[in-house]
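Structure record follows, encoded as structure tokens.
The values are calculated or read from the model by the stated rules, or taken from the named source; none is laboratory data. From a predicted model like this one, the values you see are computed outputs, not experimental measurements. Every residue, glycine among them, receives a Cβ derived from its backbone with ideal geometry; neighbour counts consider all protein chains shown.
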Amino acid sequence: MAEVVLRNICKTFSANKAINDVSMTIPDGAFVVLLGPTGAGKTTTLRLISGLEKLSSGSIEIGGRTVNNETPAQRDVAMVFQQYSLYPHMSVRENLEFPLRSPILKTPEDVIAQQVAEVAEILQISHKLDNKATELSGGEMQRVSIGRALVREPSIYLMDEPLSSLDAKLRNDLRVELKRIQASLGATILYVTHDQIEAMTMATHVGVLHEGKLVQFGTPREIYEDPKSIYVASRLGLPRINILPANLFDTTRNGEHTIGLRPENILQGQGKPAQIQRVEHLGDQTRLHLMLEGHAITTIAAAGQDYPAGTTINIEPKNPLFFKADGSRIY
Amino acid sequence: MAEIVIKNLRKNFGDFTAVKESSFTIEDGEFFMLLGPSGCGKTTTLRMIAGLELPTSGEIYLDGEEISQQPPSKRDIAFVFQMFALYPHMNVRRNISYPLVSQGMPKRDVKTKVAEVAGILGIEDILDRPVGGLSGGDRQRVALGRAIVRDPKAFMMDEPLGALDAEFRERMAEELRALHDRMNATTVYVTHDQLEAMQMGDKIVVMNNAVVEQFGTPQEIYDKPATMFVADFIGSPSMNFLHFYGAAHQGAAQISMNGASYAVPKLHQNAKGNLVFGVRPEHVKLSDQGALRAKVLASEYLGTTQIITLESESGTLKARVDSHQSVRVGEMIGLDFKPETITLFDADSGNALASELNKGVVAHG
């Protein structure tokens, strides 16, 4: 595995700057998640690293070697796509062997057999090795396509929303599994998603992308607790952070335009009266949707308390984040 | 609007049973979720209500009238698909008015009706735009508009948010629910996402392998699961299952598991053999005095809370604790459980044992 460094990379498609001056270091053995909505530049970044797209400017280093002019094969990266693409006429075993049979690699037969057995074990598909690829369930197929990347030992694994086409339940299981595989192999992974839970639970580092720019890079805890802007603060946290005018609660000192209030940082029983619009029972947590002077606010219900819709409760902020009018964080 | 009653509904496709003897009631004005994994029969059930499939046997009542053999056009039900299909050559206004025009409604009435629907959905300003250039959200709103405009008795929605990006899905889920609260139309909604079901639904039917496993309010299904399948499917992470061999005694409020005694809700039945002790992650407390000793395997940060994975002699389990509580991977700690939340299951049948907790939900065994 290897460290991957992006230096001031840019990618322009006609007039559109898809990637705008992104610099980032993916440490050896790290699980880096790029988070952002559709169109933020996540997939383009992956394609630039893999060599499927050419840089407009900047440079990419893999293991200390500048790879700007190398072909995808020379770069030695393994990619997993959102839609599993297996060879339907081959068995699971043949699908897994395929990357190792590449003429460039010249892998000996015994090594192929051993690698495939190991990966099948890790992904818990050993018993399906002789099935045809088309006889598998969706989750199994996606495990095989992840397995096809894992049989090789590339410099870096590039994964483009590999779990997003799966059922919610299976997605949860595979998330835990993928994190375990990464930790046990010491693999370097760059993983793209718009799902904040995947980012929070799997990443050692999260990079937040916004319109082609890397707006913050740090551990999930840093991104959650110390966001640099409203945009970043809104990426992590369920329910999402409440963004409110700074003067709503008389917390204004100087120059603050907006406050960000995590739903769990709202004290109940004091402060201003807010109307309860809707109560959502999620089992482990009950969410309250409130209305305060025309502003919708979401908070978490206290345990064992009743909240009839239509009644009011008093609320007050605790440790809000303060932002300027342009959305950047003050303190 | 309408009440929908499903009685012993069944659908066979050749030898394959897609839906087996389902019965439940959707009350007037409810937002009703059909939840389950792929292939459980939820979409087939929805399609039978809408009239897109004919049941093999059983009845469907819409406001007291049996409709199971009627064609879709006679049922007065609107269907919103996962892939919302709009007429690409028409603008927004014509897309929304199409169902009314084709019913032969006078022009003036169509205009009033479309304006009203556009107001509800907040899309007045895009009425004259072609649908080609619209954002995903606006396209979805237009598709909804086309369903609402007919004033149907009920709405059927087949994973309408399934194809959207996570953040946008959350927003649309809230918007859909708010729309429902304004219109109070009976809505049946199919999803495989338990969080979506818990968040939006008044009631949930959990289906698995063509069978209705449980039917109730979100909180009831979460707190009082009738089967291990439901306990596992609802909640993230799902309920912990600690397997043990033992006996449960009617009237007792404790259970002996692997040599230690644990308080549980008072049991209403006897059971003996392979049993399962079910506890939700947020009801596992880390405590030095805890009866069950466990080793910390991993922790996952989730903002406010963290999920701790633990290895005990009774099996692996997860605990949801405050993210400020410091836990070291590898350390040994004690675990306590919140007794009033425990569900015991029979491991062979997968059914919950009847207790004080789930009385009224689970039949006596």
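All conditions in (1) of a type outside the set (D, E, K, R); (2) under 11 Å from the mean Cα position of the chain (by Cα); (3) over 30 Å from B:Ala197 (Cα atoms) hold for A:Leu214, with the sole exception of (2). Selection of the range B:239-284 for residues being touching a helix residue (DSSP H, G or I) at 6+ places or on another chain (Cβ under 6 Å) and more than 14 Å from B:Lys338 (Cα to Cα) yields an empty set.
Looking across the range B:29-69, the residues that are surrounded by fewer than 19 Cβ atoms within 10 Å (Cβ to Cβ) and among the hydroxyl-bearing types (Ser, Thr, Tyr) come down to B:Ser38, B:Thr56, B:Ser57, B:Tyr61.
Can you tell me which residues in the range A:174-186 are within 25 Å of A:Gly63 (Cα to Cα) and either within 8 Å of another protein chain (Cβ to nearest Cβ) or assigned to a helix (DSSP H, G or I) (or both)? Residues satisfying the conditions are A:Leu178, A:Lys179, A:Arg180, A:Ile181, A:Gln182, A:Ala183, A:Ser184, A:Leu185. Here the range B:130-185 is the region considered, the condition is being among the charged types (D, E, K, R), more than 13 Å from chain A (Cβ to nearest Cβ) and surrounded by fewer than 20 Cβ atoms within 10 Å (Cβ to Cβ), and the residue that is farthest from B:Arg47 (Cα to Cα) is B:Asp138.
Set side by side, the residues A:Ala199, A:Ala149 differ, and just one is of a type in the set (Gly, Ala, Ser), touching a residue at least 24 places away in the same chain (Cβ under 8 Å), within 26 Å of A:Met90 (Cβ to Cβ) and part of a helix (DSSP H, G or I), which is A:Ala149. The residues listed here are A:Ser91, A:Ser59; of these, the one that is more than 14 Å from chain B (Cβ to nearest Cβ), under 24 Å from the mean Cα position of the chain (by Cα) and of a type in the set (S, T, N, Q) is A:Ser59.
When the range B:285-331 is filtered for residues that are acidic (Asp, Glu) and in contact with a helix residue (DSSP H, G or I) (Cβ under 9 Å, 6 or more places away or on another chain), only B:Glu300 remains.
Does A:Leu34 satisfy being assigned to a loop (DSSP other than H, G, I, E, B) and hydrophobic (A, V, I, L, M, F, W, C)?
Working: assigned to a loop (DSSP other than H, G, I, E, B): no; hydrophobic (A, V, I, L, M, F, W, C): yes.
Considered against the rule, which asks whether it is assigned to a loop (DSSP other than H, G, I, E, B) and hydrophobic (A, V, I, L, M, F, W, C), A:Leu34 comes out as no.
With respect to (1) surrounded by fewer than 21 Cβ atoms within 10 Å (Cβ to Cβ); (2) more than 9 Å from chain B (Cβ to nearest Cβ), the lone exception for A:Ile189 is condition (1).
Residues checked against (1) surrounded by 14 or more Cβ atoms within 10 Å (Cβ to Cβ); (2) of a type in the set (Ser, Thr, Tyr); (3) within 27 Å of B:Tyr189 (Cβ to Cβ):
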position	(1), (2), (3)
B:Ala85	no, no, yes
B:Pro88	no, no, yes
B:Val92	yes, no, yes
B:Ser102	no, yes, yes
B:Lys107	no, no, no
B:Val114	yes, no, yes
B:Ala118	yes, no, yes
B:Ile123	yes, no, yes
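For the range A:151-173, filtering for residues that are more than 10 Å from chain B (Cβ to nearest Cβ) and touching a helix residue (DSSP H, G or I) at 6+ places or on another chain (Cβ under 7 Å) leaves 7.
Could you list all residues from the range A:285-316 that are of a type in the set (A, V, I, L, M), assigned to a strand (DSSP E or B) and surrounded by 16 or more Cβ atoms within 10 Å (Cβ to Cβ)? Full working, then the answer.
Taking the range A:285-316 first, the residues of a type in the set (A, V, I, L, M) are A:288, A:290-292, A:296-297, A:300-303, A:309, A:313, A:315.
Subsequent filtering for residues that are assigned to a strand (DSSP E or B) retains A:288, A:290-292, A:296-297, A:300, A:313, A:315.
Of everything in the range A:285-316, those that are of a type in the set (A, V, I, L, M), assigned to a strand (DSSP E or B) and surrounded by 16 or more Cβ atoms within 10 Å (Cβ to Cβ) turn out to be A:Leu288, A:Leu290, A:Leu292, A:Ile297, A:Ile300, A:Ile313, A:Ile315.
Could you please find all residues in the range B:196-215 being surrounded by fewer than 19 Cβ atoms within 10 Å (Cβ to Cβ) and within 23 Å of A:Asn172 (Cα to Cα)?
Kept after step one, since they are surrounded by fewer than 19 Cβ atoms within 10 Å (Cβ to Cβ), are these residues of the range B:196-215: B:202, B:209, B:211.
Once the filter is applied, which keeps residues that are surrounded by fewer than 19 Cβ atoms within 10 Å (Cβ to Cβ) and within 23 Å of A:Asn172 (Cα to Cα), the range B:196-215 yields only B:Asn209.
For the range A:34-45, indicate whether the set of residues that are more than 14 Å from A:Leu158 (Cβ to Cβ), surrounded by fewer than 22 Cβ atoms within 10 Å (Cβ to Cβ) and more than 21 Å from the chain's Cα centre (by Cα) is non-empty. Within the range A:34-45, not a single residue is more than 14 Å from A:Leu158 (Cβ to Cβ), surrounded by fewer than 22 Cβ atoms within 10 Å (Cβ to Cβ) and more than 21 Å from the chain's Cα centre (by Cα).
Elements of the type strands (runs of 3 or more DSSP E) sitting completely within the range A:216-284 and holding at least 3 residues that are within 12 Å of chain B (Cβ to nearest Cβ): these cover A:266-281.
Scanning the range B:90-130 for residues being more than 23 Å from B:Ala166 (Cα to Cα) and touching a residue at least 24 places away in the same chain (Cβ under 8 Å) gives a total of 21.
Looking at this structure, is A:Val119 touching a residue at least 60 places away in the same chain (Cβ under 8 Å) and assigned to a helix (DSSP H, G or I)? Here the answer is no, as A:Val119 does not meet what is asked. Among the residues making up the range B:143-178, those that are of a type in the set (A, V, I, L, M) and at pLDDT below 85 are B:Leu161, B:Ala163, B:Leu164, B:Ala166, B:Met172.
For the range A:60-67, indicate whether the set of residues that are closer than 16 Å to A:Glu153 by Cα and in a loop (DSSP other than H, G, I, E, B) is non-empty. Walk me through it before giving the result.
As a first pass, look at the range A:60-67 and keep what is closer than 16 Å to A:Glu153 by Cα: A:62-63.
Imposing the further condition that a residue be in a loop (DSSP other than H, G, I, E, B) reduces the set to A:63.
Yes, the conditions are met somewhere in the range A:60-67.
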